[in-house]
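Q: Pasting in a structure now, in structure tokens, and then I'll have a few things to ask.
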Amino acid sequence: MATRPYKLSLEEKQTLLDRFWKKDPSLWSDKEEDFPAIVNRLGWMDVIPRITPRLDEIKEFGHFIKNSEFDRVCLLGMGGSSLFALVLSQVFGPSKGHPPLVVLDTTDPQEIEKVESSGLEHTFFIVASKSGTTTEVQALFNYFWEKLKASTPEPGKHFAAITDPETPLEKLAEERGFSHCFLNFQDIGGRYSALSYFGLIPAAALGLDIDKLLERGSNMVEKCGPHVPPDKNPGYLLGEFLGENGSQSRDKLTLLMDKPVKAFALWLEQLIAESSGKDTLGFVPIVGESTGIPGFYGGERTFVYTRMKSTPPEQSLDAFVNELIEADFPTYRLQLDDLYDLGAMVFLWEMATALACHFIGVNAFNEPDVKVAKEMTRLTLEQYIKEGKMPVSFWVDPQSRINFRASSVLAASMKGLARTLRDIFQVLPTWGYMGFLAYLPYDPVVDEVIGEMRHLVRQERGCATVAGYGPRYLHSSGQLHKGGPISAGFIIFTRKRSKDYEPVPGFGISFWHIQFAQAVGDFEALNHINRRVVHVHLPSDYKLGLRSFSKVLSRAARL
């Protein structure tokens, strides 16, 4: 689909807004065969009035959790089924009398052991999957089910499910005697599901004010309605801002957040990246990057700052944003009166993202490149099960002793890790970006070291950076990496096993093998489409190995 004009008359803008609210699928595709699938993804536009009659059921679940013997709730999910729950757990935390919510959206064995070692007897699990067939969720459920089955006579009472009707997960919940099974609306895609069961059930478990959250969302829907002129319509204005800059190659969308709502960027990252990143187009969400002198930013940058009204001036980013404006960077400001305004921000960004995708000429509601990495992972695991070893051969860097391999577009000049990284930098333009993708535990040290490397790359090479944990990012920004702008380089990190892990029931392999195979699958998927990617295999002491790699990167970036 061709790029749409963003410079429209007020009458043309109103026509576009009317088409949006009539759910016109031709906004996102010129192919009639795509229309049914698009229409079946637009249920988020009117989800609030449809979910409202079910609020008693949702609130009753919150009371059930509060009054039970459970001292912790653990959500098993990936991507759209887990990210808004993660935001709520980090932004709000549990209300008085409610247990904390832990979101387990990884196959990393250390993270899984962390949940298990804290005790399962008083843990309640929410199994969340739109399709009911998500591999990671299936593996996590199988593992914890068998653990509870061995220690309690009625393990089903420790579980609830959120899924679409008639999925394998719905059937499983019935067969295993889950305490609850919440069937979501089928016409809502995962990344647009925050104000449906997938977001509201975790909110209820935390004891949040569901009415207030939805009221804020409903108020924003009203402000963005077809009766509000485009020049005063928040959803249209933000979508137009994104579309205008995206159409002019200012596609590095840098999301600045005040500290209380910083976690919201994780949900936004998936919404924007997976919706827009296809056909070599799309917005690259820059999340968690340290701020810098405006002169170090490339001309492809666009900034959106979300400010909390209660943030003191000395703690806000107002002064920095003013510097960006003075340096002529496109900048947009949003303000939240309190934390519950996240309900409004969800709908605002959903509408703006959908409209921005119209302007740059992509279908906001498909993800054509996600299946590639899944298929590569499946083939890797099949070969391991057949041969007893992973089909991967690493080089060993003679200086750092770090194992690594590179994609075919880099391997021809292989002379060590530092040289390989220099090869990436030599062809990586300042308007490109570098991604640091870690199949490692959620560790503050990992965040710190990767943060230092991101800062180094921006300062020395002038390009933007992104970071993500695997396999989480496969369900978030993975579509963008493969289908979005091609001017990118990627570094994938894995680590050697520190010990042997027990097989996951029903899979015949351990979580370490699943996670490693997912990293291999993504490397192969990126290599298949000629992306510049290096797979770095760290020692079992991944913190030490990551710091060693950081030194190699530093030398390479400065040459």
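Coordinate-derived values only; no laboratory data. Just so it is clear, the model here is predicted, and its values are computed rather than measured. Here the Cβ is made from the backbone with ideal geometry for all residues, glycine too, and neighbour counts use every protein chain on show.
Q: Could you derive backbone 3J(HN,Hα) for region 27-36 from the dihedral phi with the Karplus parameters 6.51, -1.76 and 1.60 (θ = phi - 60°), listing whole Hz in sequence and x where the residue is Gly or Pro?
A: Per residue, the Karplus-derived 3J(HN,Hα) values read 5, 10, 7, 8, 9, 4, 5, 7, 4, x Hz.
Q: Residue by residue through region 92-109, what is 3J(HN,Hα) from phi via Karplus (6.51 cos²θ - 1.76 cosθ + 1.60, θ = phi - 60°)? Round to whole Hz and write x for glycine and proline.
A: 9, x, x, 6, 4, x, 9, x, x, 10, 9, 9, 9, 10, 8, 9, 5, x
Q: Please arrange I360, I38, I529, I293 by how many other C-beta atoms lie within 10 Å of their C-beta, fewest to most.
A: I293, I529, I38, I360
Q: On to the next question. Translational diffusion coefficient, Stokes-Einstein: compute it for region 435-559 using the Kirkwood radius over C-alpha pairs as Rh, at 37 °C and 0.692 mPa s, and state it as an integer in µm² s⁻¹.
A: Result for D is 215 µm²/s.
Q: Here's something else I'd like to know. Check W395: other-chain or 5+ apart residues with amide H under 5 Å from its amide H, H built from backbone geometry?
A: For W395, the qualifying residues are F404, R405.
Q: List, in order, the whole-Hz ³J(HN,Hα) value for each residue of region 323-333 obtained from phi through the Karplus relation with A = 6.51, B = -1.76, C = 1.60 and θ = phi - 60°; use x for Gly and Pro.
A: 5, 5, 5, 5, 8, 6, 7, x, 9, 10, 10
Q: Report the trypsin sites (Lys or Arg not before Pro) located in region 373-446 that are in a DSSP loop and have at most 13 other Cβ atoms inside 10 Å of their Cβ, or state none.
A: K389, R401, K415
Q: Here's another thing I want to ask about it. With Rg and the Kirkwood Rh both taken from Cα atoms, where does Rg over Rh land for region 46-208?
A: 0.93
Q: In addition: What shape does region 517-559 have by the C-alpha gyration tensor, where a ≥ b ≥ c are the square roots of the eigenvalues, rounded means a/c under 1.5, and otherwise prolate means a/b greater than b/c and oblate the rest?
A: In terms of gyration-tensor shape, oblate.
Q: Based on DSSP H runs of at least 4 residues, each adding -39500 (n - 2.57), what is the mean residue ellipticity at 222 nm of the chain after dividing by all its residues, to the nearest 500 deg cm²/dmol?
A: Result for the chain: -13500 deg cm²/dmol, rounded to the nearest 500.
Q: What distance in nm separates the simple spin-label points at Q248 and K59, each placed 7 Å from Cα in the Cβ direction?
A: 4.9
Q: Then there's this: Amide H neighbours of F185 under 5 Å, at least 5 residues apart or on other chains, H built in the peptide plane: list them.
A: Y197
Q: Over the C-alpha atoms of region 372-463, what are the Rg and the largest Cα-to-Cα span, Dmax, in Å?
A: 16.0, 46
Q: What translational diffusion coefficient, to the nearest whole µm²/s, does the chain have by Stokes-Einstein, given a Kirkwood radius computed over alpha-carbon pairs, a temperature of 37 °C and 0.692 mPa s viscosity?
A: 136
Q: The chain: longest stretch without exposed GluC sites (Glu not before Pro) (DSSP loop, at most 16 other Cβ within 10 Å), sites themselves excluded?
A: Result, exposed sites excluded: 167-559.
Q: Here is a further query. Take every Cα-Cα pair in region 208-365 and report what % of them are more than 27 Å apart.
A: 21
Q: Moving to a separate point now. Under 1.5 on a/c is rounded, so check that first for region 223-290, then, if it is not, pick prolate when a/b is larger than b/c and oblate when it is not; a ≥ b ≥ c are the square roots of the alpha carbon gyration tensor eigenvalues.
A: In terms of gyration-tensor shape, oblate.
Q: Report, in debye and to the nearest 20, how large the dipole of region 46-208 comes out about its Cα centre when Lys and Arg carry +1 and Asp and Glu carry -1 on their Cβ.
A: 340
Q: Shifting gears a bit: Quick one: dipole size for region 370-557, taken about the Cα centre, charges +1 on Lys/Arg Cβ and -1 on Asp/Glu Cβ, in debye to the nearest 20.
A: Value, rounded to 20: 360 debye.
Q: Sequence neighbours fewer than 8 away in the same chain don't count; with that in mind, list the lysines whose C-alpha is under 26 Å from K22.
A: Result set, ordered by chain and number: K7, K13, K31, K130, K223, K232, K278.
Q: Give the share of C-alpha pairs in each 10 angstrom bin for region 24-113, from 0 to the last occupied bin, in whole percents, shortest bins first.
A: 13, 29, 30, 18, 9, 1
Q: Once the Cα atoms of region 59-99 are picked out, what are the Rg and Dmax in Å?
A: 11.0, 29
Q: If amide H atoms are built 1.01 Å from N in the plane of the peptide, which residues on other chains or at least 5 residues away come under 5 Å of the amide H of L440?
A: G470
Q: Which one, V520, S498, V536, is farthest towards the positive end of the dipole of region 370-557 when Lys and Arg carry +1 and Asp and Glu -1 on their Cβ?
A: After comparing all options, I get V536.
Q: Filter the trypsin sites (Lys or Arg not before Pro) in region 212-310 to those in DSSP coil with at most 12 other Cβ atoms within 10 Å of their Cβ, and list the result.
A: K309
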